[in-house]
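These notes are about the structure you will find just below.
The values are calculated or read from the model by the stated rules, or taken from the named source; none is laboratory data. Worth saying up front: this structure is predicted, and the values here are computed from it rather than measured. Backbone-built Cβ (ideal geometry, glycine too); neighbour counts: all protein chains shown. The area values use the complete protein model at the heavy-atom level, side chains included, leaving out ligands, DNA and RNA. Shrake-Rupley method; radii C 1.70, N 1.55, O 1.52, S 1.80 Å.
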Amino acid sequence: MSQRVKPRVSRGLRDLLPEEMMARQSMVDTIRRVYETYGFSPISTPAIEYLEVLTGSAAGEEAQHSIFTVSNPEEEALGLRFDLTVPLARVMAQHRALPRPFRRYQVAPVWRADKPDKGRYREFTQFDLDSVGTVSEIADTEIIAGMCDTLDALDVGGYRVRYSSRQILDAVLVFAGIPAQRSVDIFRVLDKLDKVGFEKVSKELTTGYQDKSGDVIRGLGLEHSQVARIGKFLDVRSEQRSEVVDQLRDLFAGIEGAEEAIRGVEKISRHLYALGYGDDKVTLDLSIARGLAYYTGPVFEANLEQAPQFGSVFGGGRYDGLVMRFLGERVPATGASIGVDRLLAALTHLGKIGGRTTATEVLVLNMDPSLEDDVLAMTFELRRAGIPTELYIGTAKNVGKQLKYADRTGVPLALLYGSNEKEQGIVTVKDLDAGRARSSQMESREEWIEERPGQQEIRRHDLVAEVRRILANVRANEA
RNA sequence: GCCGAGGUAGCUCAGCUGGUUAGAGCGCCUGCCUGUGGAGCAGGAAGUCGGCGGUUCGAACCCGCCCCUCGGUACCA
């Protein structure tokens, strides 16, 4: 008496079925193509890292409680990576022969043992691109340009990349008379500005407040005069980057470190203008903070204008200190990360992607056991011509069942080849989409069988050429 | 973490104040149709009623604890 095992996965984990994987792969392929035209190279790192590699960093400290720990036979302290940036820092320190600047991309799952939420899982995929070993603003510019080109290539229909810099924020602290060591907390609160508005941010910076559910949000205890200065800074807004730079220079006149910070964001803006990334795509938005502690320079993120509810789908920044703790040497780096799951959810929501559950374009029916070698030959003929083809190898013996399978999997074309066809030297091709379209207009079964919608006969001899032609037509009709 | 609502078939849900063999629609399978997907008609398979414990002659229903899901809030590298 064996107890049956309940099929299930642990909290916050999920299976990705063909429909989602097809969409995801097509999205990832598009992104990869963009990055490769920029000359970024792929790498892969283990899912499992030494716990000390993961926990030592600024990010690690914040992350420690949400690391999945793992055991091995040697009983070493191990954990699953929670992002791709910390492993990259390790790689840079460990593989000293790598050329610098080193530009890499990596698409891989990461794990965080947080409480799952809508659209937030414990295993999710990130797509990162980074340039390591250069202080040049051109590297930051390229990351921003890459974000734009990626979103253009994905045809997201309107997006905005916004950037600022940590140096600018450091200057605000000076401007408002706030000690630098409070920066992390304050930036974390400022980062919420978009979501909750200045009112709540202001409260959280000073006295704190109690939200609707009775939850207490503790304040940071700033003076009202300090918050007022922050408010003044946040009032510096314009659709035009050059305008923001000018206003900032006025406001920060005489502030220590301000001019250098301003020159940094100005340079990036100038490069972007020169490359055709205008104010319609990239904004210098001073409210961008990014919660992450390890950023040291420019920070950026991107939102979709037609799907703002999905939040920022792309984010990043410069982190010049991350490699230091492995190498004791300052290795500057800048990069960005796409939340693959979030972006995919947004694209699906916008109807930009999805639908197919298989790459198969043609299903060859297996109607007559004595013709098995013939249909098998046809199948491989099509495959060798590069047309994704499947031969029906299930148990259903009748045509109806096999067509139903074709219908369900969403294959565009079905091939029928029985004794009738063989005698005449032909193949019957069925355009299943055409049938789907006709079906709603039909009443009786007689009519349905009589018409045989979307069906035509081709010469067996011309199989590949004809199938190719019909597929091209089908695709043209879809578009 | 905090507040609230839930958990009954693959999916969506019904199940009166506790009462015998727990239901519906969709989906799935089979047949009508032995070479045509849809629609239609007929039939069929499928559930430890989230888990554990308690109250009771008797629990899907009442009580306790736990787990999970959803909504809000916090966190989000």
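Inter-label distance, residue A:377 to residue A:217: 7.3 nm, where each label sits 7 Å from its Cα along the C-beta direction. Evaluating 6.51 cos²θ - 1.76 cosθ + 1.60 at θ = phi - 60° for every residue in segment A:373-380, the Karplus couplings come out as 5, 5, 6, 5, 4, 4, 4, 6 Hz, glycine and proline recorded as x. Applying the Karplus relation 6.51 cos²θ - 1.76 cosθ + 1.60 with θ = phi - 60° to segment A:98-103 yields 3J(HN,Hα) values of 4, x, 10, x, 9, 10 Hz, where x marks Gly and Pro.
If you place +1 on the Cβ of every Lys and Arg and -1 on the Cβ of every Asp and Glu, how big does the dipole about the Cα centre of chain A come out, in debye to the nearest 20?
Working: 63 positive and 71 negative charges, 150 e Å.
About 720 debye.
With a ≥ b ≥ c the root eigenvalues of the C-alpha gyration tensor of segment A:323-479, is it rounded (a/c under 1.5), prolate (a/b larger than b/c) or oblate? Before the final figure, lay out the partial values.
Values: a/c = 2.96, a/b = 2.03, b/c = 1.46.
Taking the square roots of the gyration eigenvalues as a ≥ b ≥ c, segment A:323-479 is prolate.
Looking at chain A, the accessible area is 51 square angstrom per residue; that uses a 1.4 Å probe and ignores ligands, DNA and RNA. Against chain A, whose longest principal axis is taken from its Cα atoms, helix A:224-234 shows a tilt of about 50°. Within straight-line reach of residue A:401, meaning a Cα separation under 25 Å, sit the following lysines at least 8 residues removed in sequence or on another chain: A:422, A:430. Within the straight-line cut-off of under 25 Å between alpha carbons, the lysines reachable from residue A:6 are A:115, A:118, sequence neighbours fewer than 8 places apart in one chain being disregarded. Full extension of the chain between residue A:120 and residue A:17 yields a length gain of 35.3 nm, computed as 0.36 nm times the residue separation minus the alpha carbon distance. In the complete set of protein chains, residue-level accessible area for residue A:232 is approximately 120 Å², probe 1.4 angstrom.
Based on the mean of other beta carbon atoms within 10 Å per residue, what is the order of A:296-309, A:464-477, A:27-40, A:256-269, most packed first?
On the way: A:296-309: 20.4, A:464-477: 14.4, A:27-40: 16.1, A:256-269: 18.4.
My ranking of the peptides, most packed first, is A:296-309, A:256-269, A:27-40, A:464-477.
Accessible area of residue A:383 (1.4 Å probe, protein heavy atoms only, ligands and nucleic acids ignored): about 100 Å².
If the only charges are +1 at each Lys and Arg Cβ and -1 at each Asp and Glu Cβ, what is the size of the charge dipole of segment A:362-478 around the Cα centre, to the nearest 20 debye?
Values: 17 positive and 20 negative charges, 76 e Å.
Result for segment A:362-478 is approximately 360 debye, rounded to the nearest 20.
Among beta bridges identified by DSSP and lying wholly in chain A, the antiparallel ones come to about 85 percent.
With all protein chains in place and ligands, DNA and RNA left out, the 1.4 Å accessible area ranks A:314, A:198, A:124 as A:198, A:124, A:314, largest first. Relative to the dominant Cα principal axis of chain A, helix A:18-37 is inclined by about 60°. DSSP assigns beta bridges within segment A:1-154; of those with both partners inside it, close to 90 percent run antiparallel. Coupling constants for segment A:114-127 follow from the phi torsions by the Karplus curve (6.51 cos²θ - 1.76 cosθ + 1.60, θ = phi - 60°), and in residue order they are 8, 6, x, 9, 4, x, 10, 10, 7, 10, 8, 10, 10, 10 Hz; glycine and proline get x.
The angle separating the long axis of helix A:193-205 from the principal Cα axis of greatest extent in chain A is about 30 degrees.
The accessible-area ordering, largest first, of the residues A:448, A:111 stands as A:448, A:111, per a 1.4 angstrom probe. From the Cα gyration tensor of chain A, with a ≥ b ≥ c the square roots of its eigenvalues, which class applies: rounded if a/c is under 1.5, or else prolate if a/b is larger than b/c, or else oblate? The shape class here is prolate.
Remark on segment A:369-458: ratio of C-alpha radius of gyration to 2.2 N^0.38 Å is 1.12.
Using +1 at the Cβ of each Lys and Arg and -1 at the Cβ of each Asp and Glu in chain A, identify which of A:219, A:434, A:413 lies farthest towards the dipole's positive end. Of A:219, A:434, A:413, it is A:219.
Overall, segment A:144-204 carries a charge dipole of about 300 debye about its Cα centre when +1 sits on the Cβ of Lys and Arg and -1 on the Cβ of Asp and Glu, all other atoms neutral. Need one word for segment A:76-138: rounded, prolate or oblate. Basis is the Cα gyration tensor (sqrt eigenvalues a ≥ b ≥ c); a/c below 1.5 gives rounded, then a/b vs b/c decides. Here segment A:76-138 falls in the oblate category. Put A:149, A:155 in order of accessible area, highest first, and with a 1.4 Å probe you get A:155, A:149.
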